[in-house]
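The values are calculated or read from the model by the stated rules, or taken from the named source; none is laboratory data. Quantities reported herein were computed from a predicted structural model and do not represent experimental measurements. Heads up, the Cβs are rebuilt from the backbone with ideal geometry, glycines too, and the neighbour counts pull from every protein chain shown. What goes into the accessible areas is simple: the full protein's heavy atoms, side chains included, and nothing from ligands, DNA or RNA. Shrake-Rupley method; radii C 1.70, N 1.55, O 1.52, S 1.80 Å.
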Amino acid sequence: MNFKEKVLLKDYTSFRVGGYADYFIEVFTEEELIQSIKQAKEMKIPFFVLGGGSNILFSDSGYRGLVVKNKIKGIQLREKNIVDAGAGLKLAEIVSFCRDKGLSGLEWSAGIPATLGGAIIGNAGAFGSAMQDSIFSVKAYNVEKSEIQEFSKEESQFNYRDSFFKRNGEYLVLGAQLIFAEKEKKLIEKRIIDCLSQRKAKQPRNFSAGSVFKNYKIKDDQEKEDMLKRFPEIKESIEKSFVPAAFLIDNCGLKGKKINDAQISKIHANFIINLGQAKADDVKELMKIIKREVQQKFQIDLEEEIIVINT
């Protein structure tokens, strides 16, 4: 396959940050993706499969290997409420397809600039819903065995912003069977509009990678009680045993803090935005500051939700 050389990665991420990849290719079929990976292995170079680029931070020095842009599409109704979809489809494309078919379940993702593959790997979610809620099965390529495998929802081991595929990089998501509930189209449309409105009101419009940190999961009732005693102001923010990372960051007084053109959003404290010429190192430094300040004030170690690629 013909790889492009020295491709600027900032052009392929929602953060608009990142240096040059040594090699780059866009693939449109499962066969092309598999062949590109085999070729990278023959060349003995690292590879990274990129979806929508909405939760990725590439290094300023770029990527010393092959970046594969997954554009595997194709979507069809298999049964009355089960949809086959390629990993390179944008969530917006699936939402539109489902709306037209009277299928409900992914409305929460309206406005998220991610592909299906990336959303499955990170178990993306919002408004109390997550990708796992719509998964019937996942199709993935096992790089080590050079074979395609099917995973049930249970075998995909979904957890909060996590999955089997995120923990096991040798499996590349090719597509999925999604299961939905049947509902009136006008109700689906209303929910989509509501989600878009909430997202527009609460999230910045600048270049960003979405939520930088995962919300903190409270371990048990005792920890919840202890936290409420130490920080009574946290009561209104605890939702389903999670403490929003944005609350923790905001209460450290970090909203608006800048390093060059990277800034902690004044609108949503768990977003770092690119004001125009931000560098990955600027973003990483802000992330270090956030983790340090939250740990010092709340004794909580925040975990990154975005994926930082340093190779």
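Summary of computed values
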| quantity | calculated |
| --- | --- |
| Those aspartates and glutamates that a straight Cα-Cα span of less than 16 Å connects to Lys229, excepting residues fewer than 8 apart in one chain | Asp220, Asp221 |
| The range 1-131 - convex hull of alpha carbons, volume per residue in Å³ | 105 Å³ |
| Karplus-derived 3J(HN,Hα), 6.51/-1.76/1.60, for each residue of the range 178-186, Hz, glycine and proline x | 10, 10, 10, 9, 7, 7, 4, 4, 5 |
| Packing rank of 86-97, 135-146, 195-206, where each peptide gets the mean count of other beta carbons within 10 Å, highest leading | 86-97, 135-146, 195-206 |
| Most fluctuating residue given options Gln222, Gln296, Gln35, as computed from a GNM of the chain linking Cα atoms under 10 Å | Gln222 |
| Segment Asn159-Lys240, length gained on full extension (0.36 nm per residue, minus Cα span) | 27.7 nm |
| Cross-link partners of Lys153 among lysines (Cα-Cα below 17 Å; sequence separation of 8 or more within a chain) | Lys139, Lys166 |
| The range 94-225, accessible surface, carbon-and-sulfur percent (1.4 angstrom probe) | 47 percent |
| Inter-part distance where the range 8-53 and the range 122-189 are each reduced to a Cα centre, Å | 21 Å |
| 5 angstrom amide H check on Arg78, placed H, neighbours 5+ away | Val83, Asp84 |
| Long-range amide H partners of Ile135 with built H, under 5 Å | Ile179 |
| Cβ-placed point charges (K, R +1; D, E -1), dipole of the range 163-258 about Cα centre in debye, nearest 20 | 500 debye |
| Spacing of the two label points (7 Å from each Cα toward its C-beta) at Glu184 and Asp281, in nm | 5.8 nm |
| Long-range amide H partners of Phe242 with built H, under 5 Å | Ile218 |
| Set Lys4/Lys41; Lys257/Lys279; Lys219/Lys279; Lys90/Lys214; Lys214/Lys284; Lys69/Lys279 screened for pairs whose C-alpha atoms are more than 24 Å apart | Lys219/Lys279 |
| Value of [θ]222 nm, deg cm²/dmol, for the chain, DSSP H segments ≥ 4, -39500 (n - 2.57) each, nearest 500 | -8500 deg cm²/dmol |
| Student exercise, the chain dipole from Lys, Arg, Asp, Glu Cβ charges, in Debye to nearest 20 | 840 debye |
| Length released on extending from Gln149 to Ile193, taking residue separation times 0.36 nm less the Cα-Cα span | 12.2 nm |
| Per residue accessible area in Å² of the range 1-119, where ligands, DNA and RNA are left out and the probe is 1.4 Å | 41 Å² |
| Pairwise FRET efficiency - Glu79 versus Glu304, Cβ, R0 = 41 Å, nearest 0.05 | 0.60 |
| Among Val83, Ile45, Tyr63 - extreme Cα towards positive end, dipole of the range 1-93, charges at beta-carbon | Tyr63 |
| Inter-label distance, nm, simple model (7 Å from Cα along the C-beta direction), Thr311/Arg292 | 3.0 nm |
| GNM result for the chain, Cα springs below 10 Å: residue of Arg230, Arg292, Arg167 fluctuating most strongly | Arg230 |
| Anisotropy class of the chain from Cα gyration tensor, a/c 1.5 cut | oblate |
